[in-house]
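Peer 1: Take this structure first; my questions come after.
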Amino acid sequence: MEIIRRGAEAEIERGLWMGRDVIIKNRVPKAYRHPSLDISLRTSRTRNEARLIRDARILGVPTPIVYEIDEVDAKLVMEEIKGERVKDVLETADEGKSEKICRQIGRMIAALHAGGIVHGDLTTSNMIVCDDVVYLIDFSLGSRNAKLEEMGVDLHLLKEAFQSAHSEKLDLFDIILNEYCIGFKNSKDVMNKMKEIEGRGRYT
């Protein structure tokens, strides 16, 4: 196994599983938590993420296939999506390719929200382009039965990602919102909530 990233909650490894190239997400134990609580949290979060990935895929959102859920060791074995992060692709892509990617992102978020799911960490770093298809990864902060506030936060996070990483291409975010509005009947309410969230940040 090759560790490719260490986060606050998990280690991400690249490896082989039954002859397939896979990504293994390992939620590592936390010594500061009581052992029984630690096991419970890691197990429930692993199970929840696997379900969200599956449910998003059912809704038509491209996600990695989950091959195995190890609830004892809190590990997910997933298909490795071999491509580039959207964050990196947008840095060099021409206008046509950038617009195509952003239309996919808008439709993807619309499908998620219409199905009552929020991603929770919606940034271009958590999207991978593979064979011209945008895949959404890392549902560790996601949830079901999402409320308007949570959907607004999803859009707000993505807008902040564009302002931070793609400041010269902010017009692309409008393309995302346009596709989002086409695909989700409650989009106007969510966009109003996003603006409200932005206002809170300015005056606090």
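Peer 1: From the square roots a ≥ b ≥ c of the eigenvalues of the alpha-carbon gyration tensor of the stretch 10-82, which class results: rounded (a/c under 1.5), prolate (a/b over b/c), or oblate? Walk me through the intermediate numbers first.
Peer 2: Details: a/c = 2.66, a/b = 1.52, b/c = 1.75.
Since a/c reaches 1.5 but b/c is at least a/b, the shape of the stretch 10-82 is classed as oblate.
Peer 1: Each label point is 7 Å from the Cα along the Cα-to-Cβ direction; what then is the distance between the points at Asn48 and Met18, in nm?
Peer 2: Placing both labels 7 Å beyond Cα along the Cβ direction yields 2.8 nm.
Peer 1: Enter the accessible area per residue of the stretch 1-127 (Å², integer; probe 1.4 Å; all protein chains in place). Working shown, then result.
Peer 2: Values: 6520 Å² over 127 residues.
Heavy-atom SASA per residue in the stretch 1-127 reads 51 Å².
Peer 1: Then there's this: Answer rounded, prolate or oblate for the stretch 153-201, using the Cα gyration tensor with square roots of eigenvalues a ≥ b ≥ c: rounded when a/c is under 1.5, else prolate when a/b is larger than b/c, else oblate.
Peer 2: oblate
Peer 1: At 222 nm, what value in deg cm²/dmol follows for the chain if DSSP H runs of at least 4 each add -39500 (n - 2.57) and the sum is divided by all its residues, to the nearest 500? Intermediate results must be reported in sequence, preceding the final value.
Peer 2: Numbers: 6 runs with 98 residues, N = 204.
Helices in the chain give a 222 nm mean residue ellipticity of -16000 deg cm²/dmol.
Peer 1: Also, quick follow-up: What is the calculated FRET efficiency for Ile65 to Ser143, with r their C-beta to C-beta distance and R₀ = 22 Å, to the nearest 0.05?
Peer 2: Numbers: r = 21 Å, r/R0 = 0.97.
After rounding, the FRET efficiency stands at 0.55.
Peer 1: Carbon-plus-sulfur fraction of the accessible area of the stretch 1-83, 1.4 Å probe, in percent? List each step's numbers first, then the result.
Peer 2: Numbers: 2550 of 4810 Å².
C and S fraction of accessible area: 53 percent.
Peer 1: Which one of Thr63, Phe139, Gln104 is farthest out on the positive end of the charge dipole of the chain, using unit charges on Cβ (Lys, Arg +1; Asp, Glu -1) and the Cα centre as origin?
Peer 2: Phe139
Peer 1: Please give the per residue accessible area of the stretch 134-204, computed with a probe of 1.4 Å over protein heavy atoms only, in Å². Before the final figure, lay out each step's value.
Peer 2: Values: 3960 Å² over 71 residues.
In whole numbers, the stretch 134-204 has 56 Å² accessible per residue.
Peer 1: Using alpha carbons only, how many angstrom separate the centre of the stretch 176-201 from the centre of the stretch 20-67?
Peer 2: 28
Peer 1: While we're looking at this one, here's another question. Once you order the gyration tensor axes a ≥ b ≥ c over the Cα atoms, which shape class does the stretch 112-199 get: rounded for a/c under 1.5, otherwise prolate or oblate by comparing a/b with b/c?
Peer 2: Values: a/c = 1.42, a/b = 1.13, b/c = 1.25.
Cα axes put the stretch 112-199 in the rounded bin.
Peer 1: Among Met108, Met151, Met191, which one moves the most in a GNM of the chain with springs linking Cα atoms closer than 10 Å?
Peer 2: Met191
Peer 1: Taking a point 7 angstrom from the Cα of Arg6 along the C-beta vector, which residues in the stretch 76-92 have backbone N less than 11 Å away?
Peer 2: In the stretch 76-92, the label zone of Arg6 (backbone N under 11 Å from the point 7 Å along Cα→Cβ) covers no residue.
Peer 1: Bins of 10 Å, beginning at zero and ending with the bin holding the largest distance: percent of Cα pairs per bin for the chain, please.
Peer 2: Spelled out bin by bin, the chain gives 9, 33, 34, 20, 4, 0 percent.
Peer 1: OK, next. Excluding same-chain pairs closer than 8 in sequence, count the lysine pairs in the stretch 140-203 whose Cα atoms lie under 20 Å apart.
Peer 2: 12
The values are calculated or read from the model by the stated rules, or taken from the named source; none is laboratory data. No experiment lies behind these values; they were computed from the predicted model shown. Reconstructed Cβ throughout: ideal geometry from the backbone, glycine too, with neighbour counts over all protein chains shown. Note: accessible area is taken over every heavy atom of the protein model, side chains too, but ligands, DNA and RNA are not part of it. Shrake-Rupley method; radii C 1.70, N 1.55, O 1.52, S 1.80 Å.
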